[in-house]
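Asks: Before we start, here is the structure in question, set down as structure tokens.
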Amino acid sequence: MLSKGLRDATLTGNISPVNILDAGLIKNEKILLYTDNNSAAAQAWFLLKTKGYKSTYILDGGLNAWKEQVLFPKLVANANADQLTEFNKIREVSLFFAVHHNPE
């Protein structure tokens, strides 16, 4: 199953790649595909692209990687100045999602 994210990372449900074209997606909105099975995400991406959905993206590494790298970033021990700067940038993004998270 694929999950689609539209507008401000709102989660909108699970869709199988076979049913992606019948899911009521809007062609001019950004569509973020993520799954544990990268081949399923790639299949859905290809189907959407061939049907004219221009702003379609695959979340690299899936939802778990996004959580680890963006939502809950960790600073390595003995970080140098560049690593600290990069961590602080990612931390700002993380804080955005923490403030705008709407659990339903």
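Conditions (1) modelled with pLDDT of 80 or more; (2) surrounded by 11 or more Cβ atoms within 10 Å (Cβ to Cβ); (3) more than 12 Å from the chain's Cα centre (by Cα); (4) not polar (S, T, N, Q), marked per residue:
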position	(1), (2), (3), (4)
PRO17	no, yes, yes, yes
LEU21	yes, yes, yes, yes
TYR57	yes, yes, no, yes
GLU68	yes, yes, yes, yes
VAL93	yes, yes, yes, yes
HIS100	no, no, yes, yes
PRO103	no, no, yes, yes
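Asks: Out of the residues in segment 23-55 that are assigned to a helix (DSSP H, G or I) and among the aromatic types (Phe, Trp, Tyr), state the one that is surrounded by the fewest Cβ atoms within 10 Å (Cβ to Cβ). If you could, list the steps in order and put the result at the bottom.
Replies: Filtering segment 23-55 for residues assigned to a helix (DSSP H, G or I) gives 38-50.
Now drop any that are not among the aromatic types (Phe, Trp, Tyr), which leaves 45-46.
Values: TRP45: 19, PHE46: 13.
Selected residue: PHE46.
Asks: Turning to a different aspect of this structure: So which pairs qualify, if the first residue must be in segment 14-30 and assigned by TED's automatic domain parsing to the domain that holds SER55, the second must be among the charged types (D, E, K, R) and modelled with pLDDT of 80 or more, the Cβ gap must be under 6 Å, and the two must be at least 6 apart or on different chains?
Replies: Final answer for the pair search is none.
Asks: When you scan segment 33-51, do you find a residue that is outside the structural domain of LEU95 (by TED's automatic domain parsing), of a type outside the set (A, V, I, L, M) and touching a Lys or Arg at 6+ places or on another chain (Cβ under 7 Å), even just one? First the steps, then the outcome.
Replies: Narrowing segment 33-51 to residues outside the structural domain of LEU95 (by TED's automatic domain parsing): 33-51.
Applying the additional criterion that residues be of a type outside the set (A, V, I, L, M) yields 34-39, 43, 45-46, 49-51.
Those still in the list that are touching a Lys or Arg at 6+ places or on another chain (Cβ under 7 Å) too: none.
Checked segment 33-51: no residue is outside the structural domain of LEU95 (by TED's automatic domain parsing), of a type outside the set (A, V, I, L, M) and touching a Lys or Arg at 6+ places or on another chain (Cβ under 7 Å).
The values are calculated or read from the model by the stated rules, or taken from the named source; none is laboratory data. All figures in this text were calculated on a predicted structure; none of them were measured in a lab. Counting neighbours? That spans all protein chains shown, and the Cβs are built from the backbone with ideal geometry, glycine included.
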